[in-house]
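Worksheet: the structure to be examined is printed underneath.
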Amino acid sequence: MRDVHIPIEPSILYFGTPVVLISTMNEDGSANIAPMSSAFWLGWRCVLGLGASSKNAQNMIRTGECVLNLPSVEEVGAVNRLACLTGANPVPANKVKRGYRYEPKKFETAGLTPIPSDTVSPPRARECPVQMEAVVAARHGLGEDGPWKGATSAFEVRIQRVHVRPDLRMDGYANRIDPDKWRPLIMSFQRFYGLAAEQVHPSLLSEMPEELYRSPDVDRAKALAGINS
């Protein structure tokens with residue numbers, strides 16, 4: 001069969017990832033929150049790709065803490081209201097070109113409610129169905145072999161506490177999320193999408209006990225909080 005694929009050069013390669021609202025603490029004790037979608041998880045670790053000039057990146061380097069708030073499709077309006085705002089003042093040159101403006105009160109502007117976290121200083125966003133408190137474990141430069149050296153960083157964060165809305169839990173399980181109930185907000189090529197209402201095919205991986213994937217970081221987080229296993 002003849003190969004029908006063609007080579008192209010898209011400017012971005014965002015084929016579809018969950019939206020994350022990251023909250024951090026500013027130098028003056030106020031909170032910053034901003035959306036991003038360059039994120040993936042392994043166990044209780046998450047890797048976040050952030051521009052070095054962003055206020056959240058600067059705050060995470062300074063404090064070593066953040067909260068990963070996961071919006072559902074119902075919070076898309078709040079996410080969109082944050083899209084062209086920055087907590088950095090003056091606005092970085094690369095963001096000026098894209099039409100960003102400085103906004104110090106981003107929680108209020110987005111219509112989100114800050115609530116205290118248990119293990120870190122940044123607040124959680126009450127409206128987001130999933131909230132994960134995290135600390136920075138490592139930071140790596142991206143694009144270090146090219147002209148954009150120093151422009152972006154990959155942050156590895158370790159989750160310390162997971163908060164979820166009770167209705168997202170799988171029936172009969174205290175610590176499992178039901179993917180049929182969780183409707184994450186997805187960004188694909190700068191546009192918002194939700195997941196289909198039903199899974200497209202049964203997965204062999206879902207037949208394996210989820211506990212086999214349990215990370216040692218879970219017990220580490222419980223020990224930090226003084227919770228017995």
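Of all residues in the stretch 206-221, how many are of a type outside the set (Ser, Thr, Tyr) and more than 15 Å from Gly43 (Cα to Cα)?
2
Would you confirm, using the coordinates I've provided, whether Arg81 is outside any helix (DSSP H, G or I) and out of contact with any strand residue (DSSP E or B) (no Cβ under 9 Å at 6 or more places or on another chain)?
No.
Kindly list, by first and then second residue, each pair from a residue in the stretch 92-109 that is at pLDDT 95 or above to a residue that is open to solvent by less than 90 Å² (accessible area, probe 1.4 Å) and among the charged types (D, E, K, R), limited to pairs with Cβ atoms under 8 Å and residues at least 6 apart or on different chains.
Thr109/Glu103
List the pairs whose first member sits in the stretch 17-45 and is at positive phi, whose second member is surrounded by fewer than 16 Cβ atoms within 10 Å (Cβ to Cβ) and among the hydroxyl-bearing types (Ser, Thr, Tyr), and whose Cβ atoms are under 8 Å apart, counting only residues at least 6 apart or on separate chains?
As it stands, the answer is Gly43/Tyr213; Gly43/Ser215, since those pairs meet every condition given.
Could you check Lys95 against (1) open to solvent by 30 Å² or more (accessible area, probe 1.4 Å); (2) in contact with a Cys (Cβ under 8 Å, 6 or more places away or on another chain); (3) assigned to a helix (DSSP H, G or I) and say which number it fails?
The number of the failed condition is (2).
For the stretch 105-124, which residues satisfy the criterion of being assigned to a loop (DSSP other than H, G, I, E, B) and surrounded by fewer than 16 Cβ atoms within 10 Å (Cβ to Cβ)? Explain how you work it out, then say what you get.
Residues of the stretch 105-124 assigned to a loop (DSSP other than H, G, I, E, B): 105, 111-113, 116-123.
Listed by number, the residues that qualify are Lys105, Gly111, Thr113, Pro116, Asp118, Thr119.
Just checking: which of the strands (runs of 3 or more DSSP E) contained wholly in the stretch 3-76 hold 2 or more residues that are of a type outside the set (A, V, I, L, M) and open to solvent by less than 40 Å² (accessible area, probe 1.4 Å)?
The strands (runs of 3 or more DSSP E) meeting that bar are 20-25, 45-51, 65-70.
Residues that are open to solvent by 60 Å² or more (accessible area, probe 1.4 Å): which strands (runs of 3 or more DSSP E) entirely in the stretch 127-229 hold 2 or more of them?
Numbers: elements: 130-142, 152-164, 186-188, 191-193.
Correct list: 130-142, 191-193.
The values are calculated or read from the model by the stated rules, or taken from the named source; none is laboratory data. Values in this document were obtained by computation on a predicted structure and should not be read as measured data. Positions of Cβ are backbone-derived with ideal geometry, glycine not excepted, and every protein chain shown enters the neighbour counts. Side chains included, ligands, DNA and RNA excluded: accessible areas come from the protein's heavy atoms. Shrake-Rupley method; radii C 1.70, N 1.55, O 1.52, S 1.80 Å.
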